[in-house]
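S.K.: The structure that follows is given in the form of structure tokens.
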Amino acid sequence: MKKDDCYFLGKVTRRHGLHGNVFLKLDTDQPEMYTKLSSIFVDINGLLVPFFIAKQSWSKGETLIVSFKNSTEALVDQVVGKDVYLPLTGLPKLTGNKFYYHEVVGFEIREEDGKSCGIIETINDQTGQHYFVLDLGGKQIVIPIIRDWILELNREEKFIKMSLPEGLMDVFLIPSKKDE
């Protein structure tokens, strides 16, 4: 299994108790989708290694307590602090204006009149307000991801049409190092 065929699920944060259990902090806004995991892939030294789950229970929020099949102290030591992935094939298909963040990287953002705002380079979901980071001719632009602003998502032509407030592009322009 390659990382390109997977999506980031979360991180094993620490041990739980003395019986080989670990805390798995999920990076999702839909934790209910992960109530019955049978296996996960853990990134160990750049390789995705499958681990099979014997049992799991909820701790709080988006954190699971996971017990692996044939768990040992050495195995637990190996996975603590590591990133966890699942295959993309396991994600349900979204329709309409709903999208997974990983699927729209590389899409163009367009205003209502069709004018290009740039290409999505990355998406920052580490802040309270998630946002697209766009490249427009070597300049970076930040556009908040606000569902009400999204008018159309075209998967075939790879663009998102948005209704952006006037002047937003000027406010959220990040100067390049050359401009400083």
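Read the figures in this text as sums done on the coordinates, not as results from a lab. Fair warning: this is a prediction, and the values are worked out from it, not measured in the lab. Cβ: placed from backbone, ideal geometry, glycine included. Neighbour counts: every protein chain shown.
S.K.: Going Cα to Cα from residue 55, which lysines come in below 30 Å? Please leave out same-chain ones fewer than 8 positions away.
M.R.: Cα-Cα hits under 30 Å: 2, 3, 11, 25, 36, 69, 82, 93.
S.K.: In the range 2-111, what trypsin sites (Lys or Arg not before Pro) fall in a loop by DSSP, with at most 13 other Cβ atoms inside 10 Å? Spell out each step's value before the answer.
M.R.: Values: sites: 2, 3, 11, 14, 15, 25, 36, 55, 60, 69, 82, 93, 98, 110; in loops: 2, 36, 60, 69, 82, 93, 98.
Those that pass, being in a loop and sparsely packed, are 2, 36, 60, 69, 93, 98.
S.K.: A follow-up question, please. Run the simple label-point estimate for residue 166 and residue 111 please: 7 Å along Cα→C-beta, distance reported in nm.
M.R.: Spacing of the two 7 Å Cα→Cβ label points: 1.0 nm.
S.K.: Which GluC sites (Glu not before Pro) does the range 23-124 hold that lie in a coil by DSSP with at most 12 other beta carbons within 10 Å?
M.R.: Values: sites: 32, 62, 73, 103, 108, 111, 112, 121; in loops: 62, 112.
Passing sites in the range 23-124 are 112.
S.K.: Given contacts defined as C-alpha pairs under 8 Å and at least six residues apart, what's the relative contact order of the chain, whole-number percent?
M.R.: Numbers: 327 pairs, mean separation 30.7, N = 180.
RCO, the chain: 17 percent.
S.K.: Picking from 137, 123, 6, whose Cα lies most toward the positive end of the charge dipole for the chain (charges on Cβ: Lys, Arg +1; Asp, Glu -1)?
M.R.: Projecting each Cα onto the dipole axis, the largest value belongs to 6.
S.K.: Using amide H atoms built 1.01 Å from N in the peptide plane, name the residues 5+ places from residue 44, or on other chains, whose amide H lies under 5 Å from its own.
M.R.: 49
S.K.: Count the lysine pairs in the range 101-179 that are 8 or more places apart or on different chains: how many have C-alpha atoms under 20 angstrom apart? The partial results should precede the final answer.
M.R.: Values: 115/139; 115/158; 115/161; 139/161; 139/177; 139/178.
Within the range 101-179, the lysine pair count is 6.
S.K.: A further question on this structure: So what is the calculated 222 nm ellipticity per residue for the chain, using -39500 (n - 2.57) for each DSSP H run with n of 4 or more, over all residues, to the nearest 500 deg cm²/dmol?
M.R.: Numbers: 3 runs with 15 residues, N = 180.
The per-residue figure over the chain is -1500 deg cm²/dmol.
S.K.: Among 67, 40, 26, whose Cα lies farthest out toward the positive end of the dipole of the chain, if unit charges sit on the beta carbon of Lys, Arg (+1) and Asp, Glu (-1)?
M.R.: Of the listed residues, the answer is 67.
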